[in-house]
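The values are calculated or read from the model by the stated rules, or taken from the named source; none is laboratory data. In this text, all values refer to a predicted model and were calculated from it rather than measured experimentally. Here the Cβ positions follow ideal geometry from the backbone for every residue, glycine too, while neighbour counts run over all protein chains shown.
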Amino acid sequence: MKGCLFYICLTNVYVLSAILREYGRNKWGLSERIVCRVATTTNSDVTELPPLHDSIDPNALETTVERMSDGAISFRYAGYEVTVAQDGAISLEEQPTGTTASELAMSDD
């Protein structure tokens, strides 16, 4: 079933949205949802993306988000600033290529 959901994610965002509403987003792990969201946003296959664990420890991320009562965690993955809120909501912001995290932190934008 998990492979089927990834296929749907990559082929039809609207179908994925309906499935998530029907079955609830907790059926997928946070890591799977992040990778799927980036793949959908970039119109890529999940196999074309770098492993998430190259950017952040997926288990530590999941545990931290589950225990948060407020706030969000942000990290860079596959050219995006990924932000996960305490309720598990995921937002993406495309990052300019060649920009380091310290340059972004010092930016006036």
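So, of the residues in segment 81-90 that are part of a loop (DSSP other than H, G, I, E, B) and on the phi < 0 side of the Ramachandran plot, which turns out to be surrounded by the fewest Cβ atoms within 10 Å (Cβ to Cβ)?
Residues of segment 81-90 part of a loop (DSSP other than H, G, I, E, B): 86-89.
Checking the rest, the ones that are also on the phi < 0 side of the Ramachandran plot come to 86-87, 89.
On the way: Q86: 15, D87: 9, A89: 12.
Here the answer is D87.
Scan segment 15-47 for residues that are at pLDDT below 60 and within 26 Å of D57 (Cβ to Cβ) and jot them down.
Start the filter on segment 15-47 by keeping residues that are at pLDDT below 60, which leaves 15-26.
If the condition is that a residue be at pLDDT below 60 and within 26 Å of D57 (Cβ to Cβ), then L16, L20, G24, R25, N26 are the ones that fit.
State the number of residues belonging to segment 60-89 that are among the polar types (S, T, N, Q) and modelled with pLDDT of 95 or more.
In the first step, residues of segment 60-89 are kept if they are among the polar types (S, T, N, Q); the result is 63-64, 69, 74, 83, 86.
Keeping just the survivors that are modelled with pLDDT of 95 or more gives 74, 83.
Qualifying residue count for the region: 2.
Please go through segment 47-67 and give me each residue that is farther than 14 Å from V84 by Cβ and buried (at least 16 other Cβ atoms within 10 Å of the Cβ), ordered by number.
The one that is farther than 14 Å from V84 by Cβ and buried (at least 16 other Cβ atoms within 10 Å of the Cβ): L49.
Could you run through segment 65-80 and say how many residues are outside any loop (DSSP other than H, G, I, E, B), of a type outside the set (D, E) and free of Cβ contacts under 8 Å to residues at least 24 places away in the same chain? Step through it out loud before you land on a result.
Just the residues of segment 65-80 that are outside any loop (DSSP other than H, G, I, E, B), to begin with: 65-67, 72-77, 80.
Pick out the ones that are also of a type outside the set (D, E) and you get 65, 67, 72-77, 80.
Right, trim to free of Cβ contacts under 8 Å to residues at least 24 places away in the same chain and you get 67, 72-75.
Selection size over segment 65-80: 5.
Would you point out which residue out of E103, E93 is exposed (fewer than 14 other Cβ atoms within 10 Å of the Cβ), at pLDDT below 95 and not in a loop (DSSP other than H, G, I, E, B)? Even if it seems obvious, please write down each step before you answer.
Working: E93 fails: at pLDDT below 95.
Answer to the check: E103.
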